[in-house]
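To start, the structure under review is shown below, and the notes come after it.
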Amino acid sequence: METIRLPRIMQETVMRERRSGKAVGFVPTMGALHEGHLSLVRAARAENDLVAVSLFVNPAQFAPGEDFDRYPGNAGDDLEKLSSSGLADIVFLPGKEAVYPPGFSTRVEVVGLSDRMCGRFRPGHFQAVAAIVLKLFNIVQPARAYFGQKDYQQAVVVKRMVRDLNLPVEISVCPTVRDPDGLAMSSRNVYLSPEERQAAPALYRALRAAADALEGGRRDAGGLGSLMRTVLGREPLFHGVDYISVFDPETLDELENIDRDDVLIAGAARIGGARLIDNLLVNNLK
Ligand code: PAF
């Protein structure tokens, strides 16, 4: 496994591989790797000749007061995990200056999709995600890139950017990986105290309750929202719900009436010093 730090070297390396006919599978990450990330790397390994993983905590996608300064992660541990897994060929590990040279002033906005759901509470976040993902795609030049469903809105934003800009990359969205009690794996779960960790699966249980009700024939979005808030409210350690509701899975519009086959149930809530997000897609409702 090769570690590359400079964008130019990364570009030259993948261009050489592409010229010899190899398809690159790419997993962009902010490090602090867990089983969820490794499932993406496994998917990339299964479908491509060469697998590249990036490790870069993108400062631009954190608002002032968010957790950039304490974002978990240790490049040494991540490199060890990737190398011992035997799944990755190249790790792109750029420094901040290499990604954001002085004078960097480009913005990328997927209008509409970026200011819904989490975007309402994290202004500028998805613009910064779109910009870094576009930049990483230009550096790594993947045939396929892999994102987790846990960050559903991010995947929708990236897919729309790829479609709108005709980027020659196929986006694959892989299932959320959960702990046995249902908690979606996230690098931010390390912020949870033992008590908070025990309470945290209530977010998944709330989404599950709404999914079960939908599958049982219930169609009132408002009622489903109340049901989810009630389930989550049973865990007093959750001290703030940014949103928990039913959405159109393509436009990310919040639904009032559920008159379609597929819906997204998603929530973001705060527990201790962590903001957790999770979602479920419910298909074939009619
Ligand atoms: O999902 C993430 O880890 C990040 O948002 C990404 C896609 C690596 C961009 O910084």
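None of the figures in this text is laboratory data; all of them are computed from the coordinates on show. Everything numeric here is computed off the predicted structure, so don't read it as measured data. For neighbour counting, all protein chains shown are included, and Cβ atoms are generated from backbone atoms with ideal geometry for every residue, glycine included.
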- Note on the structure: If one compares the long axis through the Cα atoms of helix 75-85 with the longest principal axis of the Cα atoms of the chain, the angle in degrees, nearest 10, works out at 90
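Percent relative contact order of the chain, based on C-alpha pairs within less than 8 angstrom and at least six residues apart? Can you show the working numbers first?
Values: 506 pairs, mean separation 49.0, N = 286.
Answer for the chain is 17 percent.
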- Item | Using alpha-carbon coordinates, inclination of helix 125-140 to the longest axis of the chain, degrees | 30
- Task: Would you mind telling me the antiparallel percentage of the DSSP bridges in the chain, rounded to 5?
- Result: 50
- Item | Partners for Lys81 among aspartates and glutamates (Cα-Cα distance below 15 Å; same-chain residues under 8 apart left out) | Glu2, Glu35, Asp89
- Choose one answer from Ser85, Ser105, Ser54: the residue with the largest mean-square fluctuation in a GNM of the chain with alpha-carbon springs under 10 Å. Ser105
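Taking K and R as +1 and D and E as -1, what net charge do the other residues with C-beta under 14 Å from the C-beta of Ser39 add up to?
On the way: positive: Arg42, Arg45, Lys81, Lys150, Arg178; negative: Glu35, Glu47, Asp151, Asp179.
Here the count lands on +1.
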- With the chain treated as a Gaussian network of Cα nodes joined by springs under 10 Å, which of Phe68, Phe121, Phe104 yields the largest mean-square fluctuation? Phe104
- Under a point-charge model restricted to the Cβ atoms of Lys and Arg (+1) and Asp and Glu (-1), what is the dipole moment magnitude of the range 84-183 relative to its Cα centre, in debye to the nearest 20? 260
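Express in nm, to one decimal, how much length is gained between Asp181 and Thr251 on full extension, taking 0.36 nm for each residue of separation and deducting their alpha carbon distance.
On the way: separation 70, 0.36 × 70 = 25.20 nm, distance 3.04 nm.
Length difference between fully extended and current span is 22.2 nm.
I need the shape label for the chain. Rule: rounded when a/c is under 1.5, else prolate if a/b > b/c, else oblate, with a, b, c from the alpha carbon gyration tensor. Kindly include the intermediate steps, with their values, before the conclusion.
Details: a/c = 1.79, a/b = 1.59, b/c = 1.13.
Verdict is prolate for the chain.
With charges set only on the Cβ (+1 for Lys and Arg, -1 for Asp and Glu), what does the dipole of the range 1-43 come to about its Cα centre, in debye to the nearest 20? Kindly include the intermediate steps, with their values, before the conclusion.
Working: 7 positive and 4 negative charges, 45 e Å.
Here the range 1-43 has a charge dipole of around 220 debye.
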